[in-house]
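Reading through the structure tokens given below for one structure.
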Amino acid sequence: MVRTERFTPYASLAGMSSDTRLTETSYIVLGLIAQIGPATPYDLKRMAKISTFNFWAVPHTQLYTECERLGKEGLLSEEREESGRRRRVYSLTKPGRKALGEWLSEPTEEFEEVRDPATLKLFFGGDPVGLAAAQLAAHRRRLQEYEELFAQLSDAPEGWRLALDSGIGHERESVRFWSRLAKQAEA
């Protein structure tokens, strides 16, 4: 599922210019660093791959550029390794923690943006039987992966478990829908 970036100005935060725009990608970077501590962009990519990318897709390269941008805005501090690959390690600053906290405290009524190729094909007259068979297999696999991960994350932060529970609910609904469509198409 691909999402559009919505911009939120936070000019009131100390250290940020009035032109600073924070996107969902910004909050993924800030939030992951808040949870795992100082990290390289590669660390963030690995962590996002098993967590946030399951419900909010971001190109890997964007994580790298976003770290640098947030560093320039004063929301992250950067340290460079002295030797070896001289990787950049980013940490949250006080303004970064404040921006994340303000964003987390704001409820949202925005809906997800669904970009589902199978639904698009259904809309334009694609074969429901073929689509249902392929989608059922894919959603059943994803549901199994999510349920196994949920069982392994008994000591994970509550937010991780709640987000995963939401994903399980979405996958169960997808299995229900495509199963019903397959039965209707066969009849």
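The values are calculated or read from the model by the stated rules, or taken from the named source; none is laboratory data. All figures in this text were calculated on a predicted structure; none of them were measured in a lab. Using ideal geometry, Cβ is built from the backbone for each residue, glycine included, and neighbour counts are taken over all protein chains shown. Surface areas here come from the heavy atoms of the whole protein model, side chains and all, with no ligands, DNA or RNA. Shrake-Rupley method; radii C 1.70, N 1.55, O 1.52, S 1.80 Å.
Here is how the numbers come out for the structure above:
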| quantity | calculated |
| --- | --- |
| Any hit, the stretch 118-127, residues being closer than 26 Å to Leu153 by Cα and modelled with pLDDT under 95 | no |
| Failed item in (1) open to solvent by 60 Å² or more (accessible area, probe 1.4 Å); (2) modelled with pLDDT of 95 or more, with His139 passing the rest | (1) |
| Leu149 being surrounded by 13 or more Cβ atoms within 10 Å (Cβ to Cβ) and among the aliphatic types (A, V, I, L, M) | yes |
| Long-range neighbours under 8 Å by Cβ, at least six apart or interchain, first residue among the polar types (S, T, N, Q) within the stretch 52-78, second not in a helix (DSSP H, G or I) | Thr52/Val58; Ser77/Tyr90; Ser77/Ser91; Ser77/Leu92; Ser77/Thr93 |
| Members of the stretch 161-187 found to be in contact (Cβ under 8 Å) with a residue 12 or more places away in the chain, of a type in the set (A, V, I, L, M) and under 22 Å from Leu122 (Cα atoms), listed by number | Val175, Leu181, Ala182, Ala185 |
| Elements of type helices (runs of 4 or more DSSP H) contained in the stretch 29-105, each with 2 or more residues being open to solvent by 40 Å² or more (accessible area, probe 1.4 Å) and within 30 Å of Glu148 (Cβ to Cβ) | 41-49, 60-72 |
| Selection count, the stretch 108-123, where residues are surrounded by 10 or more Cβ atoms within 10 Å (Cβ to Cβ) and not in a loop (DSSP other than H, G, I, E, B) | 6 |
| Index of the failed condition, Ala132 passing every other in (1) in a helix (DSSP H, G or I); (2) open to solvent by 60 Å² or more (accessible area, probe 1.4 Å) | (2) |
| Output for the stretch 164-186, where each listed residue is of a type in the set (Gly, Ala, Ser), under 21 Å from Gln35 (Cβ atoms) and surrounded by fewer than 16 Cβ atoms within 10 Å (Cβ to Cβ) | Ser166 |
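Here's the yes/no breakdown for (1) of a type in the set (Ser, Thr, Tyr); (2) in contact with a Phe, Trp or Tyr (Cβ under 8 Å, 6 or more places away or on another chain); (3) touching a residue at least 24 places away in the same chain (Cβ under 8 Å); (4) closer than 15 Å to Ser179 by Cβ:
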residue	(1), (2), (3), (4)
Glu110	no, no, yes, no
Arg115	no, no, yes, no
Lys121	no, no, no, no
Ala132	no, yes, yes, yes
Leu136	no, yes, yes, yes
Arg141	no, no, no, yes
Gln152	no, no, no, no
Asp155	no, no, no, no
Gly159	no, no, no, no
